[in-house]
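**Q** Just dropping this structure here.
The values are calculated or read from the model by the stated rules, or taken from the named source; none is laboratory data. All values derive from a computational prediction rather than experimental measurement. Methodologically, a virtual Cβ is constructed for each residue, glycine included, from the backbone with ideal geometry; neighbour enumeration extends over all protein chains shown.
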């Protein structure tokens with residue numbers, strides 16, 4: 001019976017050293033995705049971008065390779081708004097919540113934990129000091145672009161508003177970048193950059209939504225695996241930035257978990 005998943009992540013027994021090098025033998029065991037497509041139209045992305053996922057009993061591993069002729073990353077302060085320049089992104093859906101990770105070529109990170117407002121009720125699993133809505137780095141969020149007057153406050157998703165906790169740091173997260181070229185030097189042509197990510201399964205308990213950790217064979221999680229590319233034309237920055245992803249959403253909004261890729265975890 002054919003799988004309904006968009007991607008199958010294979011289980012390994014090895015532990016991967018996270019250094020940004022995707023040429024390691026271990027990544028030959030993974031299935032590398034097809035070229036990312038434009039997030040809105042589904043047409044081929046402007047630069048080649050591919051991802052691969054592996055997992056063992058301890059970690060979820062994610063790798064990216066991104067073609068880019070002029071590798072640039074000027075933002076170096078953690079939790080800067082990384083999507084203002086070129087970045088690679090991972091979102092993980094937890095049904096009533098989701099996690100966002102953005103990385104640039106300088107390995108600068110931006111993390112946010114989102115909780116749907118209708119799920120944040122008194123006494124719920126989210127009603128804990130870590131997610132205190134009164135602290136200054138908690139915001140309400142309605143989604144990305146594609147909003148009109150009718151959806152200005154709540155965005156386009158039927159669930160509406162979510163709480164965004166910008167002070168969230170995923171426990172045990174490891175990331176590393178390697179640049180095939182010279183960072184922030186436009187005097188030569190670069191090949192691009194690569195990223196490795198490791199996330200401990202034990203840190204994903206809130207996102208598991210009752211699923212076993214680590215997964216069991218055949219479990220499916222929804223994830224957004226994407227890229228945003230700053231593009232200058234005639235001295236002006238193109239807005240919104242071209243967005244590429246493993247699967248198209250049909251609209252320019254990354255914050256639609258029901259549209260994200262279905263990642264199946266397999267142990268064969």
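**Q** Quickly run through the range 241-262 and pick out the residues that are over 13 Å from the mean Cα position of the chain (by Cα) and not in a loop (DSSP other than H, G, I, E, B).
**A** Within the range 241-262, 258, 259, 262 meet the criteria.
**Q** OK, next. Using the structure shown, decide if residue 95 is under 30 Å from residue 181 (Cβ atoms), touching a helix residue (DSSP H, G or I) at 6+ places or on another chain (Cβ under 9 Å) and touching a residue at least 12 places away in the same chain (Cβ under 8 Å).
**A** Answer is no for this residue.
**Q** Moving on. If only one of 95, 100 is surrounded by fewer than 16 Cβ atoms within 10 Å (Cβ to Cβ) and under 24 Å from residue 246 (Cβ atoms), which one is it?
**A** The conditions single out 95.
**Q** Restricting the first residue to the range 253-268 and requiring it to be over 18 Å from residue 211 (Cα atoms), which pairs with a second residue that is modelled with pLDDT of 95 or more and surrounded by fewer than 18 Cβ atoms within 10 Å (Cβ to Cβ) meet a Cβ separation below 7 Å and a spacing of at least six or different chains?
**A** From residues that are over 18 Å from residue 211 (Cα atoms), there are no pairs.
**Q** Go through the range 108-124 and count every residue that is within 18 Å of residue 171 (Cα to Cα) and in contact (Cβ under 8 Å) with a residue 40 or more places away in the chain.
**A** Summing the residues that are within 18 Å of residue 171 (Cα to Cα) and in contact (Cβ under 8 Å) with a residue 40 or more places away in the chain in the range 108-124 gives 6.
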